[in-house]
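Everything below concerns the one structure shown next.
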Amino acid sequence: MNCAMAKLCRFAASLIFATREGHCYPTTTKCSQKIAFKEGLSQKQRLAPLYPHVIHQQQSHVRGIDVLFVQRTTEAGFMPDSHVFPGGVLDEADYSTDWLELFPADAPVDSFAQKTHDGRLPLYSNAQTGSVIGEIAFRICAIREAFEETGILLARPVESILEKPSRAHYQAEQLLVDKWRKMVCDDAKNFVQLFREIKCVPDIWSLVEWSNWFTPENSHRRYDTVFYLCCLEGKPSPFFNPSEVSKAEWLQVDEAIYNHGKQHITLPPPQVYELSIINMFPSLQHLHLYALYKSVYDNRICILPRRIKFEFSNGEDAMVFVSVH
């Protein structure tokens, strides 16, 4: 997408939480992901999050994939009542230099700056995030918005940032959510203070670039949004924020698609499209491996939905997805 189009929109980030089908963990449970540091791999591959060992065990049957949704309120100015992935608009606080001071000097943040210009998503450059590169700022935005809407906080303890494996997912307790969420919602600058208090850093390494969507031209609000995928070991119970969303729930992918077809829930076009792709994978492991490959070799495409009228006998129209480079 060119810079002229970028000036007409707001930048945003969305987070697709994916896990295996199963029961929710208690709300105070802490889960973890493992980070690979293997000899002979490239820097990008070494920093790629891997599934916990339970994912690699032999399974007696194939389990489905669950995805976390939030339902927008009826009063929402954009996509009211729709089931969407957690996310929201990029804030200046997401690219504050305070984040650079929070990360330890030996934190492997340089890996995000190693892509050449041709290999980066255009919105990273168009957003002009200053000293904090877009790859980091948009990930912080996605983690912040997910915390605001669901109470789930992706954080890694500072003292274990280079441990093998490292604890990468932190399920926020109710007391932590009650204390910090309103403060963060009122002022995004408080998000960095939250991490200082719990002595953690945002787990930006667990977010894999998935896709980039641009709102159609005829929309009254236009967003240039990067979607990230985060595969979790467990299924943390969300504490949804009633001031921002009316519900937060885990749904199996094919269940969400079915309910949308039956008009039991409303899914916007990006959610329908992405769920249809996710539903093709037989396991969380296959999905994650595909996401890692896609983020490195095939992720510069911005998807621009356009509604086109066809000559259907029932008078219905159809949505066409156009790729913009």
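In order along region 213-224, phi translates into HN-Hα couplings of 10, 10, 4, x, 4, 8, 7, 6, 10, 10, 10, 9 Hz, rounded to whole numbers, per the Karplus curve 6.51 cos²θ - 1.76 cosθ + 1.60 with θ = phi - 60° and x for Gly and Pro. Per-residue accessible area (protein heavy atoms, 1.4 Å probe) orders Arg181, Arg196, Arg10 as Arg10, Arg196, Arg181, starting from the largest.
Relative to the current alpha-carbon distance between Ser276 and Thr73, full extension at 0.36 nm per residue lengthens the span by 70.6 nm. Between Asn259 and Asp98, the simple spin-label model (points 7 angstrom out along Cα→Cβ) gives 3.6 nm. Rounded to the nearest whole Hz, the Karplus-based 3J(HN,Hα) values (6.51 cos²θ - 1.76 cosθ + 1.60, θ = phi - 60°) of region 271-277 follow the sequence 5, 4, 5, 5, 5, 5, 6, with x at glycine and proline.
Please find the FRET efficiency linking Gln252 to Ala105, where r is the Cβ-Cβ separation and R0 is fixed at 35 Å, and quote it to the nearest 0.05.
On the way: r = 43 Å, r/R0 = 1.22.
The computed FRET efficiency comes out at 0.25.
Placing Ser246, Ser283 in order of accessible area, with the largest value first and a 1.4 Å probe, yields Ser246, Ser283.
In units of the rule-of-thumb radius 2.2 N^0.38 Å, region 202-278 shows an alpha carbon radius of gyration of 1.26. Residue pairs exceeding 28 angstrom between C-alpha atoms, taken from Lys179/Lys262; Lys182/Lys235; Lys179/Lys294; Lys182/Lys294; Lys182/Lys262: Lys179/Lys262; Lys179/Lys294; Lys182/Lys294; Lys182/Lys262. Here's how it looks for Asn212: its modeled amide H is under 5 Å from those of Phe227, Ile303, which are all 5 or more places away or on a different chain. Taking all protein chains as shown and a probe of 1.4 angstrom, Leu267 keeps an accessible surface of around 10 Å².
Residues whose amide H comes within less than 5 Å of that of Ile16, counting only those at least five positions distant or on another chain, are Tyr228, Leu229, Cys230 (H built at 1.01 Å from N in the peptide plane). Once the Cβ-Cβ distance of Val158 and Asp178 is raised to the sixth power relative to R0 = 30 Å, the FRET efficiency obtained is 0.80. Between Arg156 and Val201, Asp203, the built amide H atoms are under 5 Å apart, and every one of these is 5 or more places off in sequence or on another chain. For region 92-107, putting each phi into the Karplus relation 6.51 cos²θ - 1.76 cosθ + 1.60 with θ = phi - 60° gives couplings of 4, 5, 6, 10, 6, 5, 4, 5, 5, 6, 6, 6, x, 4, 8, 5 Hz, in residue order, rounded to whole numbers and with x for Gly and Pro.
Nearest 0.05, what FRET efficiency do Lys199 and Ser243 give at R0 = 30 Å with Cβ-Cβ as r? Could the numbers behind the result be given before it?
On the way: r = 28 Å, r/R0 = 0.94.
FRET efficiency, Lys199 to Ser243: 0.60.
Here region 198-252 is assigned +1 on the Cβ of each Lys and Arg and -1 on the Cβ of each Asp and Glu. Its dipole about the Cα centre then comes out at about 160 debye. Each residue was assigned an accessible area with a 1.4 Å probe, and for Ile198 the value is about 40 Å².
Would you calculate the convex hull of the Cα atoms in region 71-113 and tell me its volume per residue in Å³? Walk me through the numbers before you get to the answer.
Working: hull volume 5.3 nm³, N = 43.
Taking the convex hull of the Cα positions in region 71-113, it is 124 Å³ per residue.
The values are calculated or read from the model by the stated rules, or taken from the named source; none is laboratory data. Keep in mind the model is a prediction, meaning the values are calculated, not measured. All Cβ positions, even for glycine, are placed from backbone atoms using ideal geometry, and neighbour counts span all protein chains on display. Surface accessibility is based on the protein's heavy atoms, side chains included, excluding ligands, DNA and RNA. Shrake-Rupley method; radii C 1.70, N 1.55, O 1.52, S 1.80 Å.
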